[in-house]
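Have a look at the structure below, then the notes.
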Amino acid sequence: MAELAGLEDPKVRAVNAKHGDDHGVNLGKLRALAKRLKTQQGLACRLWGTGDSAARLLAILICRPKAFERDELDGMLREARTPKVHDWLVNYGVKKSPHSEELRLAWFADPDPVVASAGWALTTERVAKKPEGLDLAGLLDVVEAQMKDAPERLQWAMNHCLAQIGSDHAEHRARAVDIGERLEVLKDYPTPAGCTSPFAPVWISEIVRRQDGG
């Protein structure tokens with residue numbers, strides 16, 4: 001904790017605060033510290049228990065994802081209220097857990113929109129890597145009905161799923177693009193030069209172009 005405190009940078013904290021995060025540690029330095037510590041499940045659990053966001057990010061990097069029980073991961077996600085801790089826990093922890101599919105189903109329709117966004121993130125992962133058994137048309141139905149008025153974090157996760165379905169599954173592409181164009185979610189999102197807009201029709205078009213070698 002003393003070492004993390006020593007890495008605190010007010011400028012980094014100010015930038016992170018704009019995105020809803022409450023830590024001031026450069027992520028490159030955090031990763032370097034994790035590389036030095038290597039995997040230490042016991043230390044990871046103690047770091048998580050501090051409640052400090054930088055400590056929790058470090059905990060995620062040095063934990064052993066398969067060592068967590070289902071209910072532990074569920075509790076951790078519900079405690080992870082800042083975007084970066086939430087995203088890292090899902091991507092570096094839950095996705096590598098044997099409980100990921102069970103948690104995906106449990107979180108998908110959770111009344112807490114932040115928890116539900118994790119369910120959608122895991123669903124997007126399955127759309128991309130293991131779509132067998134998913135009702136893609138049904139997912140598009142839910143996106144069409146709910147994405148426009150969903151809270152920000154949930155809306156972002158649903159939009160990612162929409163774009164993933166549209167770019168990976170040609171038979172659903174026209175409908176995915178149509179849903180995106182009608183709902184106009186993230187249409188005016190400020191996108192830096194050289195980056196792809198998160199507006200689903202543009203995102204889908206760009207991914208398909210790359211896949212086709214265009």
How about region 57-84: which of its residues are in a helix (DSSP H, G or I), open to solvent by less than 40 Å² (accessible area, probe 1.4 Å) and without any contact (Cβ under 8 Å) to a residue 60 or more places away in the chain? 57, 58, 59, 60, 62, 65, 73, 74, 75, 76, 77
Taking the conditions exactly as written (of a type outside the set (Lys, Arg) and open to solvent by 50 Å² or more (accessible area, probe 1.4 Å)), does residue 21 satisfy them or not? no
Assess whether residue 191 counts as being in contact with an Asp or Glu (Cβ under 8 Å, 6 or more places away or on another chain) and at pLDDT below 95. no
Of all residues being in contact (Cβ under 8 Å) with a residue 24 or more places away in the chain, open to solvent by 40 Å² or more (accessible area, probe 1.4 Å) and in a helix (DSSP H, G or I) in region 138-157, which is nearest to residue 83 (Cα to Cα)? Just the residue, please. 153
Looking at region 107-122, can you tell me whether even one residue there is farther than 23 Å from residue 200 by Cα, open to solvent by less than 40 Å² (accessible area, probe 1.4 Å) and in a helix (DSSP H, G or I)? yes
Of the residues that sit in region 40-50 and are surrounded by fewer than 19 Cβ atoms within 10 Å (Cβ to Cβ) and touching a residue at least 24 places away in the same chain (Cβ under 8 Å), which one is farthest from residue 96 (Cα to Cα)? 50
If you scan region 29-39, which residues turn out to be open to solvent by less than 50 Å² (accessible area, probe 1.4 Å) and either within 14 Å of residue 8 (Cα to Cα) or touching a residue at least 40 places away in the same chain (Cβ under 8 Å) (or both)? 30, 33
Residue count for region 124-137, restricted to those that are part of a helix (DSSP H, G or I) and open to solvent by 30 Å² or more (accessible area, probe 1.4 Å): 5
Identity of the residue in region 158-208, part of a helix (DSSP H, G or I) and in contact with a Pro (Cβ under 6 Å, 6 or more places away or on another chain), that ends up least open to solvent (accessible area, probe 1.4 Å): 180
Those residues of region 94-106 that are of a type in the set (A, V, I, L, M) and either open to solvent by 60 Å² or more (accessible area, probe 1.4 Å) or in a loop (DSSP other than H, G, I, E, B) (or both) come to a total of 1
Output the residues belonging to region 10-28 that are under 19 Å from residue 88 (Cβ atoms) and in contact (Cβ under 8 Å) with a residue 12 or more places away in the chain. 12, 16, 19, 20, 21, 22, 23, 24, 25, 26, 27
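The values are calculated or read from the model by the stated rules, or taken from the named source; none is laboratory data. On a predicted model such as this, the values are computed, not experimentally measured, just so you know. Ideal geometry is used to build each Cβ from the backbone, glycine not excepted, and the neighbour counts take in all protein chains shown. Surface accessibility is based on the protein's heavy atoms, side chains included, excluding ligands, DNA and RNA. Shrake-Rupley method; radii C 1.70, N 1.55, O 1.52, S 1.80 Å.
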